[in-house]
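Undergrad: To start, I am sharing the structure in question, which I have written as C-alpha cells.
No lab work stands behind these numbers, since they all come straight from the coordinates. Here the structure is a predicted model, which means the values were calculated and not measured. Neighbour counts run over all protein chains shown; Cβ positions are idealised from the backbone, glycine included.
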Amino acid sequence: MMMGHGSPMGLFNMGLFIDSGGYVIDNSLVSILSEKKNSVYIWCNSDKFVNSHKLKGFYSGMFISEVGEAHFCGLPSIKQNIVDESNYGFSKILSEVINEDQETIYEHVLNHYGEMAKHNPVASYNHKRLYLSK
C-alpha cells in the first residue's frame, strides 16, 4: 500500500527517507512493482503513474486530502471537517478489506465510500477517480 502526496512521477518522499531523493516510489521501482498484482496506489494523480507503467492494483486519480487541494480542484467552500470526514472515512473503509484481493478492495471501497460521497463533496470528487487495473 502506497498512500500520501505525489504526482504523475510517483509518491513524494516528504523528507522521511533521507537517501530517496524527491520520491519514495518512482520509475526506479517499476520493475519490482510490475511483479505485484494487488498493490494500492493512493496519491494525487497516481493513475498517470500506474497507467504509464501498466501496473496492477487499486489506484486513484487526483485525490483531495487537504483543504487547499479542494480549493484548487474547484471546491472553494470546503472546510477542514469535510476533508477530515472524507480522509478518515476512506481510510477506515479501506482498512476493512486491505488484506483482500484487489477486486474485493475495489468493490468494497467503491460501494461504501460511495455512500459517503452522497453527502460529502470531497468524497464525491475522490470517488469518481478510483480505479482498478487487473
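Undergrad: Sort out which residues of region 103-127 are within 14 Å of the chain's Cα centre (by Cα) and in contact (Cβ under 8 Å) with a residue 24 or more places away in the chain, and write them in order of number.
TA: If the condition is that a residue be within 14 Å of the chain's Cα centre (by Cα) and in contact (Cβ under 8 Å) with a residue 24 or more places away in the chain, then Ile105, Tyr106, Val109, Tyr113, Val122, Ala123, Tyr125, Asn126 are the ones that fit.
Undergrad: Please enumerate the residues belonging to region 61-107 that are of a type in the set (Val, Ile, Thr), assigned to a loop (DSSP other than H, G, I, E, B) and touching a strand residue (DSSP E or B) at 6+ places or on another chain (Cβ under 9 Å). Let's see the steps before the verdict.
TA: So in region 61-107, the residues of a type in the set (Val, Ile, Thr) come out as 64, 67, 78, 82-83, 93, 97-98, 104-105.
Subsequent filtering for residues that are assigned to a loop (DSSP other than H, G, I, E, B) retains 64, 78, 97-98.
Across region 61-107, the qualifying residue is only Ile98.
Listed here are the residues, each with its yes/no results for (1) over 19 Å from Leu75 (Cα atoms); (2) acidic (Asp, Glu).
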| site | (1), (2) |
| --- | --- |
| Val97 | yes, no |
| Asp101 | yes, yes |
| Ile105 | yes, no |
| Val109 | yes, no |
| Ala123 | no, no |
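Undergrad: Would you check if there is a residue in region 73-93 being over 16 Å from the mean Cα position of the chain (by Cα), hydroxyl-bearing (Ser, Thr, Tyr) and either surrounded by fewer than 16 Cβ atoms within 10 Å (Cβ to Cβ) or closer than 15 Å to Met1 by Cα (or both)? Outline the logic, then answer.
TA: Initial filter on region 73-93 (over 16 Å from the mean Cα position of the chain (by Cα)): 74-82.
Filter once more, so that each one left must be hydroxyl-bearing (Ser, Thr, Tyr): 77.
Applying the additional criterion that residues be either surrounded by fewer than 16 Cβ atoms within 10 Å (Cβ to Cβ) or closer than 15 Å to Met1 by Cα (or both) yields 77.
Yes, region 73-93 has at least one match.
Undergrad: Taking Ser34 as meeting all but one of (1) polar (S, T, N, Q); (2) surrounded by 13 or more Cβ atoms within 10 Å (Cβ to Cβ); (3) under 26 Å from Val122 (Cα atoms), write down the number of the exception.
TA: (3)
Undergrad: Related question: Just checking, which of Ser95, Ser65 is of a type in the set (Gly, Ala, Ser), in contact (Cβ under 8 Å) with a residue 12 or more places away in the chain and closer than 25 Å to Ser133 by Cβ?
TA: Values: Ser95 fails: in contact (Cβ under 8 Å) with a residue 12 or more places away in the chain.
Every option except Ser65 fails the conditions.
Undergrad: For residues in region 61-93 being touching a helix residue (DSSP H, G or I) at 6+ places or on another chain (Cβ under 9 Å) and among the hydroxyl-bearing types (Ser, Thr, Tyr), which is nearest to Gly10 (Cα to Cα)?
TA: Ser65
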